[in-house]
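To keep things clear, I will list the structure first and then write my remarks on it.
The values are calculated or read from the model by the stated rules, or taken from the named source; none is laboratory data. All values reported here derive from a predicted model rather than from experimental measurement. Note that we place each Cβ from the backbone using ideal geometry, even for glycine, and neighbour counts take in every protein chain shown. Note: areas computed on protein heavy atoms with side chains; ligands, DNA, RNA excluded. Shrake-Rupley method; radii C 1.70, N 1.55, O 1.52, S 1.80 Å.
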Amino acid sequence: QVQLVESGGGLVQAGGSLRLSCAASGIIFKINAMGWYRQAPGKQRELVATITSGGSIYYADSVKGRFTISRDSAKNTVYLQMSSLKSEDTAVYYCKVMVLGIDYWGQGTQVTVSS
């Protein structure tokens, strides 16, 4: 059974930094892509950043230059380093992995940025 465990969320002041981690277990096939999404209150879930098995990276315009996604393939873990945080970054952050065309989601971790 595939499980994704996220960690690293919390409360931070505007301009601060946080690092999110997502460890995937129970996966026996190659992970095609890993990524982070977020959902703010009253808004739809949106893509933040993704990284493929080949190393291709995508960032939403709203986080370019401030967030960095990386992965440790040996550990099936993806990270999101968030810097220069803004109040509009406040949301629940979800990890997603794609394996053989199937998406698996984490339970989410809350990030709150106080202004």
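Worth a mention:
- Protein-only accessible surface order, largest first, of T77, T52 at 1.4 Å: T52, T77
- Sorting 30-37, 82-89 by their mean Cβ neighbour count within 10 Å, with the most densely packed peptide first, gives 30-37, 82-89.
- For the range 61-76, putting each phi into the Karplus relation 6.51 cos²θ - 1.76 cosθ + 1.60 with θ = phi - 60° gives couplings of 4, 5, 10, 4, x, 10, 10, 9, 9, 8, 9, 10, 5, 5, 9, 6 Hz, in residue order, rounded to whole numbers and with x for Gly and Pro.
- For the chain, share of DSSP beta bridges that run antiparallel, in % to the nearest 5: 90
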